[in-house]
Each structure stands twice: as structure tokens, then as C-alpha cells.
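Scroll down for the structure; my scribbles are underneath it.
The values are calculated or read from the model by the stated rules, or taken from the named source; none is laboratory data. Note that the coordinates shown come from a computational prediction; the quantities given were computed from them, not determined experimentally. Positions of Cβ are backbone-derived with ideal geometry, glycine not excepted, and every protein chain shown enters the neighbour counts. Keep in mind that these areas ignore ligands, DNA and RNA; they rest on the heavy atoms of the full protein, side chains included. Shrake-Rupley method; radii C 1.70, N 1.55, O 1.52, S 1.80 Å.
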Amino acid sequence: MGDITHLRCDAWMLPSDSRYDVRDHWTTTVDGLSESVTKTRNKRYSSGSLFSLPLQDWDAASPLPILTAVPLTGFTDAAELRPRIAEFIRVGAVAAKERIAAATKVNGARRNPLLAMPSFGTAGGGGHLRKGDILRVILEQARTSAGEHGVDIVLVLRDERMFALAQVIRQDSPDYWAELEHVKLLDKAKELALLAQSGRLVPFMGAGTSVSAGAPSWKGLIEALAADAKLTEAETSSLLEPGMSALDQAGYLRARYENGVTTTSEPRASFNEEIARHVALTRYGLAPALLAGLRTEQAITLNYDSLFELASADIGENRTVIPDSKVNGKKWLLKLHGSVTNPESIVLTRDDYLGFNTTRDALSAVVKATLITHHLLFVGFGLKDDHFHEIIHDVRRALPQDADSTQPIATALTLHANPLNDMLWNKKLDLISMGKWEGDESVAESARILEIFLDALLAFSTDSHSYLLSEGYEDALNPAEKVLREGLMNFYREGKSNGVHTPAWKVIAQAFRDLGLGEDG
């Protein structure tokens with residue numbers, strides 16, 4: 001679930017009819033969309049003989065909307081949508097690859113271009129009565145066409161019932177998990193999914209989770225800050241040479257920046273404000289979206305950006321951010337190293353880190369109190385990260401003395417296997433590697449496998465059946481579910497007529513609402 005306009009992708013489907021009418025949701029939330037739609041005209045699209053049309057004069061740095069025609073007069077068979085979906089993917093693949101080739105610099109480049117689709121064909125024309133059939137067609141055609149054109153497809157759904165049904169369909173079909181099964185990681189994803197279902201899994205996010213959103217690498221951030229501090233090219237190269245720690249690199253840049261000469265009368269941004277400017281992003285990648293979809297009660301991050309918070313808000317969960325959030329929700333996110341929303345809280349240099357230790361005990365107490373009985377899932381960390389080592393040490397030290405020391409206290413998802421790491425972290429961490437190191441190209445492949453792993457984790461942890469009693473989803477049910485639905489509805493009608501005034505009825509009615517029954521059911 002989420003908002004397709006907040007997802008960082010290469011291109012996305014913009015459903016319309018041949019009269020170029022698009023949903024108000026798109027035109028009111030995407031700047032310049034109405035104007036670009038007006039400029040984009042094609043006789044074949046207007047006549048219905050062309051199904052997909054990229055928008056003209058669109059910002060090269062923003063995901064490209066591709067008009068995709070829904071049947072103007074409705075349809076009687078969900079299969080009628082197949083050629084339209086296939087054409088969107090074909091056109092999107094060509095456009096995305098052309099845009100990537102023309103880009104001078106791409107942060108977080110994927111192995112395959114990423115195309116995004118909303119639900120398609122379910123709003124009217126009879127489609128709202130056959131949502132199960134339509135969803136299966138979308139999933140099947142997307143999987144087939146993605147393989148043909150060398151792209152990845154993400155289906156972004158705003159309706160919780162469709163999301164739940166999509167996950168059930170995918171859980172029951174091994175075709176969707178063939179790549180993960182091939183690298184023998186599917187069972188690991190299912191094991192973690194059980195922990196998520198039980199409420200014991202806690203995501204702990206490192207910088208790697210923001211890379212797919214275009215966040216700079218450490219080297220990229222240092223280069224950007226060096227430019228802000230007016231370092232020469234030679235000075236920047238020297239700063240990036242091995243030998244100086246990351247904390248000292250940042251400390252040197254802070255000193256140069258703060259001692260620099262200002263040539264204008266305008267107030268100068270602070271060094272931390274410059275950091276925030278470079279890492280503040282408005283679109284999240286797949287990793288934050290998938291981790292937010294787990295809906296865990298707790299989450300922790302060392303990242304400064306607000307991507308996880310944005311992804312959580314898009315599924316209806318506004319997180320309380322510790323330590324400085326004003327939101328008082330049941331679910332929280334602990335940001336150990338500060339946030340772009342409060343630049344002066346950012347921990348980057350050695351001085352920042354030493355000063356941070358004065359408040360670290362209070363924040364660590366929050367971690368220890370909640371995580372001794374939970375299972376940490378580290379995502380986006382390098383195992384050489386000193387912060388990572390300290391966190392593991394603190395959590396292990398906080399465990400009761402009689403705790404089983406032979407069982408790993410957490411799981412870390414890594415891009416590449418390393419036998420030395422396996423020995424170093426034995427009995428401390430369950431290391432799950434996405435691939436073997438085979439050169440730079442394997443990084444992109446392993447990062448893609450990580451996204452598929454997180455997708456499987458979310459899919460198999462989803463246990464909602466909110467479509468079961470919902471109108472429009474009858475066609476999606478298997479024979480056993482149809483019998484169950486009929487029995488539940490008979491019980492509900494009889495109970496409503498006889499027991500609506502009893503205290504227990506409110507609990508029963510809520511259970512039926514959770515299964516998709518409308519208020520007037």
C-alpha cells in the first residue's frame with residue numbers, strides 16, 4: 001500500500017480514458033500534471049487504437065507519467081485489460097531506459113528500471129464488481145511483461161482489501177517467488193514473516209535503505225559537503241583517501257565550512273542545515289515502503305531522512321518520532337542520529353558523536369526496554385559500521401544473564417556473503433546474504449534480491465482477510481471461502497436481528513467489519 005506519487009520509480013501508469021480524463025487525486029497532488037496532460041495529444045490515443053502515451057515535456061528528474069487508456073465504454077471480461085497493461089509496460093520500459101541512458105548521474109540506480117502501477121480498471125464500467133478477476137489479470141500480465149522487457153513492476157494499492165487479496169494470491173503462487181527460491185532465501189523470508197505476525201520483529205534501518213530513493217552514498221555526501229565548504233578538487237580527493245575515519249572527514253568539513261568566507265549579505269545556512277539539504281528526499285524507494293508495510297509497533301533508524309515516516313503516513317500510520325515528535329501515536333520510530341526536520345540534532349562528526357553520548361543512555365534505555373523480548377532486523381547496514389557494533393554490544397549486554405547465548409539476538413540482511421563475517425558474528429547475528437561478491441555489477445543484483453526478499457517478508461506476514469465479506473470481491477473467493485462467507489453472513493443477519501443490544505455484539509460486529517462487511521451490512 002502507499003501513494004504512487006511518493007514512490008521513486010522510473011515511470012508510472014496514469015490511468016485515463018481516450019478523452020484524457022484522469023482522477024482528481026493525480027491532478028491535485030502532482031505539480032504540473034494537468035498542464036502536461038493538456039499538451040500531450042495523439043490522434044491514435046484519442047481514437048482508442050493506442051493504449052499508452054508518455055507525457056510530453058516532463059521533468060527528467062521526476063518519474064515519468066504514462067497515460068494508459070481504460071476502456072471508455074466498460075468491459076465484460078477482465079482479460080480485455082491485458083493488452084493495455086502489456087502496452088504500458090512496453091512503452092514504460094522503452095521510455096525508462098532512454099531516460100536512464102540520458103541521465104548524467106543517477107543515485108541508487110537499479111539493475112532493472114522500476115515501473116509503478118495503481119489499481120487499473122476497477123473503478124467503473126463493471127470492473128468494480130469483478131475486482132478479484134481484474135487483480136489476477138494485473139498480477140499475471142505484469143509478471144509476464146516484466147520478464148519480457150527487463151523491468152520490475154511495483155503495484156501500488158490504496159485500498160486495504162485489494163492489498164490483502166493481492167498478497168493472498170501471491171502467497172499461494174510459487175511463480176512470484178521463483179527468483180528468491182532459486183537463491184534459497186524464501187524460507188528465511190517466511191521465518192521472519194512469522195516473527196512479524198507475532199509482533200516481535202523490529203526493523204532497524206541503516207543508510208542502505210535510503211539508497212533506492214536516491215540518497216547520496218557516504219562518498220557522495222562528503223563530496224557535496226566539500227563543495228559547500230569550497231574545497232579544491234585536490235583537497236577533496238585527499239580527504240577521501242583511506243586512512244581518515246568518516247567522523248573525522250565530517251569534522252574537517254565542518255571546520256572548513258564554519259571558517260569559510262561569506263561573499264553575500266544573506267544569512268548562511270549552518271553546516272547541519274547543509275547536511276539536511278543533501279539528504280532530505282521527497283520520494284521513498286521500495287525498502288522504506290516495504291518495511292513500513294510491516295506495520296510493526298516499533299522501528300529504529302540511524303538515518304536522518306524522513307522516508308520511513310512518509311511511507312508510514314501513506315498507509316495511514318503517523319509515527320511518533322523519538323526523541324522530538326509531537327505526534328502521540330501508538331507506533332513509534334526512534335531516530336538515534338537526528339533528523340532533517342531538526343537539523344541541529346544531526347550526529348555526523350566526532351564531536352557530535354561524543355556529545356551524543358551524553359543523551360545516549362536515555363535513548364538506549366528505550367531500545368533495551370522494548371527489544372530484549374523482540375527480534376531486531378538490521379537492513380541497510382555495513383558490518384564494518386562502528387555504530388552497528390555498539391548497538392549489538394549494548395543489546396547483548398542488556399540481556400538477562402540466564403538468556404540463551406547460543407541463539408542470535410537479531411538478523412542482519414547483507415548484500416554479500418563473507419565467511420569471515422559468519423565467524424565473527426557467530427551466535428550473535430543470523431546473517432542472511434543476498435548474493436556473493438562478484439564485482440560491482442553484483443551489488444545492483446544483490447540490492448534487487450534484497451527488495452524481493454523484503455517484498456516476500458511483507459507478503460507472507462500479511463494475514464488480513466478484509467476482502468472476505470466485502471462487496472465486489474465475491475469472484476475472488478475460492479469454493480471453501482464462498483461457503484465460509486455464506487455461513488458468516490447467515491450468522492450475522494440472525495445475530496443482528498436478535499442480539500444487537502447485547503454488549504458482546506459490538507465485538508462481533510467489529511470482527512465482521514475487519515473482514516470487510518460494510519456499515520449497512
Next on the checklist: Rounding to the nearest 10 and keeping the result within 0 to 90°, find how far the Cα-based axis of helix 186-197 lies from the longest principal axis of the chain.
Outcome noted: 90
Next on the checklist: Could you report the accessible area of R295 in Å², rounded to 10, computed with a 1.4 Å probe on the protein chains as they sit in the structure?
Outcome noted: 80
Checklist entry - So for the pair N259, T282, with labels modelled 7 Å out along Cα→Cβ, what separation do we get in nm? => result 3.8
Checklist outcome for this item: Rounded to the nearest 10 Å², the accessible area of L55 using a 1.4 Å probe with every protein chain kept is 10
Checklist entry - Name the residues of region 187-209 whose amide N is less than 19 Å from a point 7 angstrom out from the Cα of K331 along the C-beta direction? => result 192-206, 209
Checklist entry - So how far apart, in nm, are the two label points at L50 and T76 if each is 7 Å from Cα heading toward Cβ? => result 3.0
Checklist entry - For the pair M489 and K230, how long in nm is the line joining their label points, each one 7 Å along Cα→Cβ? => result 7.5
Checklist entry - Which value, in Å² rounded to 10, gives the accessible area of S345 with a 1.4 Å probe and all protein chains present? => result 40
Checklist entry - What does a probe at E519 reach in region 490-507, counting residues whose amide N is under 17 Å from the point 7 Å along Cα→Cβ? => result 506
Checklist outcome for this item: Extension length gain for K39 and T320 (0.36 nm per residue less Cα distance), in nm, is 96.9 nm
Item to check | R0 of 60 Å, Cβ-Cβ distance E160-L240: FRET efficiency to nearest 0.05 | outcome: 0.80
Item to check | Angle in degrees between helix 218-228 and the longest Cα principal axis of the chain, rounded to the nearest 10 | outcome: 70
